[in-house]
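As structure tokens, the structure follows; a few thoughts come after it.
The values are calculated or read from the model by the stated rules, or taken from the named source; none is laboratory data. As the structure is a prediction and not an experimental result, all values here were calculated from the model. When we count neighbours, we look across all protein chains shown, and the Cβ atoms used for this are built from the backbone with ideal geometry, even at glycine. Heavy atoms of the whole protein, side chains included, go into the accessibility calculation; ligands, DNA and RNA do not. Shrake-Rupley method; radii C 1.70, N 1.55, O 1.52, S 1.80 Å.
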Amino acid sequence: MAAASGFTTPFPGAKMESFPCKPSRSASMMGFSSRRSGRERRRVFERVTFLNPRCEAGANISEKEERSESRAASISALEQLKTSAVDRYTKERSGILVIGLSVHTAPVEMREKLAIPEAEWPRAIGELCGLNHIEEAAVLSTCNRMEIYVVALSWHRGIREVTEWMAKTSGIPASELRQHLFLLRDNDATQHLFEVSAGLDSLVLGEGQILAQVKQVVKVGQGVVGFGRNISGLFKHAITLGKRVRSETNIAAGAVSVSSAAVELALMKLPKSESPSARMLVIGAGKMGKLVIKHLVAKGCNKMVVVNRSEERVAAIREELKDVEIIYKPITEMISCAADADVVFTSTASETPLFLKDHVEVLPPVSPEIGGLRLFVDISVPRNVGSCVSGVESARVYNVDDLKEVVEANKEDRHRKAMEAQTIIAEESKQFEAWRDSLETVPTIKKLRSYAERIRLAELEKCLSKMGDDIPKKTRRAVDDLSRGIMNKLLHGPMQHLRCDGTDSRTLSETLENMHALNRMFNLETEISVLEQKIRAKVEQTQKNCATFEAGLKLCIVREVSEAADNGQWL
């Protein structure tokens, strides 16, 4: 992610596409295209040399020797290829990636196609972690963004797999999708989620609802296989950061939410003298709908109609706002309620539009005093009001992308608060990266302690056997404590040099050097073999799933053939 203009990445089997990137981020795509072109040039050169008749004429080598040399060259090339592949795997450290799009990079028409309902998040995590190079995953899908967070064993392969998964689930071609995606990795991915949680990346700066949505990711992810330690730790840290920013910078003071911005937008479009008398209809009594109702009340609206599938939520809101006349109507009366409304707010989780052109065209006209236009303010993603409604002359449709007009107010004050928040984000990012770096040495620490414990127990057993069977329990316990104390004191030094949690001046590279040295000295399993095992396990699981699918398919075919034969349809 080098510049605002984007970067190019050569996915195998696909043309080079461009990802638009955030201006403040920077990264390298490793330059795979240059290495590939070099190998292609060598293959072309070798092929031309082999087919050159002059070379053949000048060579005085028997056909058998030629075959032998050719075979040796092929084996050598194969070994080089294998070594190259291993290097590409083992020189990479599994990293955190975020791939997604938001209100800043994609229109609502595309975001709604990629939106994943909260109930589908566990399924999406399972599918993502079923990909060969994805170890952990999380989904953050709201009206303003759809972002996939993953821990990838190989980050450039992970990019390709997640992008292909997004294209498959949304039905949007990958080439079109890449034009709107942003991609961040490791520190940049961490900082992005922290900015999201703090409300800095929101359309409405400092809005509080996004923090609740980040919390929901953790709540839904609990117990889901694939919502692992790294991703879980990242989101929990983001929640802590979001709370700290709001308490220390006061960024949420006076900030508008998406719901309040929707109300402000509607009132801006109405004649000021007539806005108190405008007839308001709110469709959906969920979190967003409830906020719309509260903001309407704050603006002086004391009567409104609320359409919802059930009356319970509306009754709870009516109980909370006792001085306001809230009229409940079932969803079956939605069109007739819209006919009696001047402004219609929609905020439901419906995956299909509630209003189409045919519905709106037949509605009676709005009073000229109100402006003569029926306003539809749609803050749902996917949209509740079809794009075709925009063609109706008697209606005006606004969606979440149109709220920018409202949020431009008090821009300078919000910018100052955002700068204060960035200082906190930098501190928290450093702490999180230190925590994550410390995880690198955890396998070595466990293996070293296990190795020392095996030696201690073996030597303790030898000592106790030489002392005889009539040893008092107190003496046996004392010898055991002595051996354990000696082991812990010997391990204290190496363990201290494996720490990388930001509490001392030791750098990550120094800690990793110590880790590799201990691995060599005590013949412990290295990080490289662990990575290979993870990748191999992924591949084996994929092959197993494919074999299961093929077996099931064959069984279905056999059953179909058998039933056809029994029914006399097989000739």
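Computed from the Cβ-Cβ distance with R0 of 56 Å, the FRET efficiency linking ASP481 to THR332 stands at 0.15.
Other residues whose C-beta falls under 9 angstrom from the C-beta of ILE210 contribute a net charge of -1, scoring Lys and Arg +1 and Asp and Glu -1. Label zone (SER277, point 7 Å along Cα-to-C-beta; backbone nitrogen cut-off 12 Å) within segment 285-310: none. Computed from backbone phi, the HN-Hα couplings of segment 187-195 come to 4, 5, 5, 4, 4, 4, 5, 5, 5 Hz, rounded to whole numbers (Karplus: 6.51 cos²θ - 1.76 cosθ + 1.60, θ = phi - 60°; Gly and Pro given as x). Only Cα sites of segment 140-195 enter the Debye sum here, all with the same form factor; the resulting log10 I(q)/I(0) across q = 0.13 1/Å is -0.34, listed in q order. Calculated FRET efficiency, THR423 and HIS104, Cβ-Cβ r, R0 30 Å, to nearest 0.05? Efficiency computed from Cβ-Cβ geometry: 0.85. When Rg and Dmax are taken over the Cα atoms of segment 199-282, they come to 17.8, 57 Å. Extension gain, GLU176 to TRP435: 0.36 nm times the residue separation minus the Cα-Cα distance gives 89.5 nm. Can you pick out the pairs among LYS168/LYS404; LYS243/LYS322; LYS215/LYS290; LYS299/LYS417 whose Cα atoms lie more than 29 Å from each other? Result: LYS168/LYS404; LYS243/LYS322 exceed 29 Å.
Shown in residue order for segment 454-470 are the 3J(HN,Hα) couplings computed by the Karplus curve 6.51 cos²θ - 1.76 cosθ + 1.60 at θ = phi - 60°: 4, 5, 4, 5, 5, 5, 5, 5, 4, 4, 5, 5, 6, 7, x, 8, 8 Hz (x for Gly and Pro).
Among MET521, MET419, the sequence by solvent-accessible area, most first, with a 1.4 Å probe is MET521, MET419. Scalar couplings 3J(HN,Hα) for segment 174-185, obtained by applying the Karplus form with A = 6.51, B = -1.76, C = 1.60 to θ = phi - 60°, are 4, 5, 6, 5, 5, 5, 10, 7, 10, 9, 9, 9 Hz; x denotes Gly and Pro.
Per-residue extension of 0.36 nm, minus the Cα-Cα distance of PHE522 and LYS357, leaves a gain of 52.1 nm for this segment.
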